[in-house]
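Each value in this text was obtained by applying a stated rule to the coordinates, not by laboratory testing. Owing to the predicted nature of the structure, the values given are computational and were not obtained by experimental measurement. With ideal geometry, Cβ positions are generated from the backbone for all residues, glycine too; neighbour counts draw on all protein chains shown.
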Amino acid sequence: MPLIRSSPTKPPSPQEGTETIERDLEHGTDDQRWDAARAAAQLPDGLRLLRRAMFVERDPRIREAILTSLARIGTPECAEAVLPDLRSDDSRLRAAALDALRAMPAAAAVHLPALLHDPDPDVRLLACDLVRGQPAAAAGQLLADVLARDREANVCAAAVEVLAETGGPNVLPLLEQCAARFPGDPFLAFAIRVAGERLGAQP
Amino acid sequence: MTEPAQVTKEEFRRLAEFLYRRTGMVFTESKRYFVERRISDRMAATWHASFSEYFAHLRSGAQSEVEHLINAFTINETYFYREDHQLECMSKDLLRERTLVKPPGDTIRIWSAPCSTGEEPYSIAIWLLENWRQVDTYNIEIVGSDIDTRVLKAAAEGIFGKRALMRLSPDLVARYFHPLDEERWQILDDLRLSVRFSRVNLIETKETRLEGRFDVIFCRNVLIYFDDESRRVAAENLYDSLLPGGYICLGHTESMSRISPLFEVCRFSNAIVYRRPREKIA
């Protein structure tokens, strides 16, 4: 029979200690930086190393590992380290940052009110998507505020899309008020009508 | 089983969207009957008379109900040759690709994680012995891992009932099992002892690294149980556990693309699988 059975392999020597991981993160080969980025989540001062790595690392695979480690540490400071990428011109960086923030919803929650008031409407739009991962009551409050005051129809449309999924019939008046603020915007009117039909179908 | 729930097209769309966002499971209209059946069972179990009431309950954040519903979709009795289109993809396409970079006599390593009570790793072994023409020119190492030591003990014993064997022909059962009594069969020792079982938690990097690197990993219907953070860690561990160019097969409702950008999507005639790139991502 061609089937064979072997013993577990000897694991590679674990990376241990801040100095080794810091050195590998800065000067290692691709694989060493990948391993170091993953190991940094276990260090007491991993956040410091990962924040610095976020500035210099350009390999998407290793940046992915850095983001995962930040999500594992999961403090508001970790989310803060990711936020600059939400403003990147590179759509891959924006998407990666968004995914990482979704993976640390409690840490991201701290920053959501500020993000939803950000001067950049693109950031506010992405923030609406992040609200989706928040508890329903908190998400409803954050998005109700967006519908009531945001001056960009696209941002309101993003809020409407999330509310259509997470909200209930109680948000219908908010949708109507928002529609009244943008009487000349056919796309937002369409989005609100679809959301209204979906939410209105609920008991 | 209860009658299928009455779910409107719009309600089905919302439910599918909800499940995709929460779990990564993908349900199209073509799976409506499959979904409605399970929704009906959960509605009955939770005493909800209408779909809209049940959906409100589901969305209210009652995590246990989300888990119950996922279970209803994924945890059927496991059995031999389950989702055999992926096994066919393995022998027809994945191993053809892997043997391009491995000379005859080399070892092909295949990992079933989680392996539950062993049906999947033994199915892989039987399928290859029966269907892969190069089976005698390579060494094949199959490892089954699970977090649950009880199922691992059962897997190592290799004793199965009728239902587990229902997809196997009588000829296959006769050749690879011996009867213990009228209701139970045990995998032949040659086969049973050639599959190694180990306890591994997929989100523990130290544990996954102990198993080395594989050509093909079967990791079906487990990532959907993890939250976003654990899913990312598991995906990175699985990436580490693959040889460059190695493949990972997920459950038919799962999508790695939603979990991690580390893998390439590979569409073969029998299955969509994911590959660790041969080179680093550009």
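With only alpha-carbon atoms counted, please give the Rg and Dmax of the protein assembly as shown, in Å.
Rg, Dmax (Cα atoms, Å): 24.8, 77.
Only Lys, Arg, Asp and Glu count, each charged at its Cβ (+1, +1, -1, -1), so figure out the dipole size of the stretch A:50-147 about its Cα centre, rounded to 20 debye.
In total the dipole reaches around 280 debye.
Can you compute the helix-only [θ] at 222 nm over chain A? Use -39500 (n - 2.57) per DSSP H run of at least 4 residues, normalise by all residues, nearest 500 deg cm²/dmol.
Computed mean residue ellipticity for chain A: -20500 deg cm²/dmol.
Kindly give the semi-axes, whole Å and largest first, of the ellipsoid equivalent to the stretch B:145-282, taking each as the square root of 5 times a Cα gyration tensor eigenvalue.
32, 17, 14
Looking only at the stretch A:38-58, which residues have a backbone nitrogen under 14 Å from a spot 7 Å from the Cα of A:HIS27 in the C-beta direction?
Flagged as within label range: none.
Once the mean 1/r over all distinct Cα pairs of the stretch B:9-74 is inverted, what Kirkwood radius in angstroms do you read off?
By the Kirkwood definition, the hydrodynamic radius is 11.8 Å.
First select every other residue whose beta carbon is under 15 angstrom from the beta carbon of A:ARG124; then total the charges, Lys and Arg +1, Asp and Glu -1.
Net charge around A:ARG124: -3.
Under a Cβ-Cβ cut-off of 12 Å, what is the net charge of the residues other than A:ILE21 that fall near it, where Lys and Arg count +1 and Asp and Glu count -1?
Here the count lands on -2.
When the helices in chain B are scored as -39500 (n - 2.57) per DSSP H run of 4 or longer and the sum is shared across all residues, what 222 nm value do you end up with, to the nearest 500 deg cm²/dmol?
-11500 deg cm²/dmol
Mind checking which of B:PHE34, B:LEU242, B:LEU129 is farthest towards the positive end of chain B's charge dipole, using Cβ charges of +1 (Lys, Arg) and -1 (Asp, Glu) about the Cα centre?
B:LEU242
Cross-link partners among aspartates and glutamates for B:LYS162, C-alpha distance below 15 Å, same-chain residues fewer than 8 apart left out?
Those aspartates and glutamates meeting the cut-off are B:GLU77, B:GLU119, B:ASP171, B:ASP181, B:GLU182, B:GLU183.
Put +1 on the Cβ of every Lys and Arg and -1 on every Asp and Glu Cβ in the protein assembly as shown; which of B:PHE177, A:VAL56, A:ALA107 then has its Cα farthest towards the positive end of the dipole?
B:PHE177
Per residue, how big is the convex hull around the C-alpha atoms of the stretch A:1-148? Give it to me in cubic angstrom, could you?
It comes to 165 Å³ per residue, whole-number rounded.
Only Lys, Arg, Asp and Glu count, each charged at its Cβ (+1, +1, -1, -1), so figure out the dipole size of chain B about its Cα centre, rounded to 20 debye.
With only Lys, Arg, Asp and Glu charged at Cβ, the dipole is about 640 debye.
Counting only other residues whose beta carbon sits under 14 Å from that of A:ARG149, what net charge do I get with K and R as +1, D and E as -1?
Local charge sum for A:ARG149: -1.
Can you work out the Karplus-derived ³J(HN,Hα) for every residue in the stretch A:46-61? Use 6.51 cos²θ - 1.76 cosθ + 1.60 with θ = phi - 60°, whole Hz, and x for glycine or proline.
x, 4, 4, 5, 6, 4, 5, 4, 4, 6, 9, 6, 10, 6, x, 5
Please get the size of the charge dipole for the stretch B:52-175, origin at its Cα centre, with Cβ charges of +1 on Lys and Arg and -1 on Asp and Glu, quoted in debye to the nearest 20.
220
To the nearest 0.05, what FRET efficiency results for A:ALA137 and A:ALA106 with a Förster distance of 22 Å applied to their C-beta separation?
0.90
Efficiency by 1/(1 + (r/R0)^6): what FRET value for B:VAL26 and A:PHE55, r their Cβ-Cβ distance, R0 = 45 Å, to the nearest 0.05?
0.80
Convex hull volume of the Cα atoms in chain B, per residue, in Å³?
Convex hull of Cα atoms, per residue: 149 Å³.
Summarise the partner chain shielding of B:207-213 as one whole number: the mean count of Cβ atoms from other chains within 10 Å of each residue's Cβ.
The mean count of partner-chain Cβ atoms within 10 Å per residue comes to 4.
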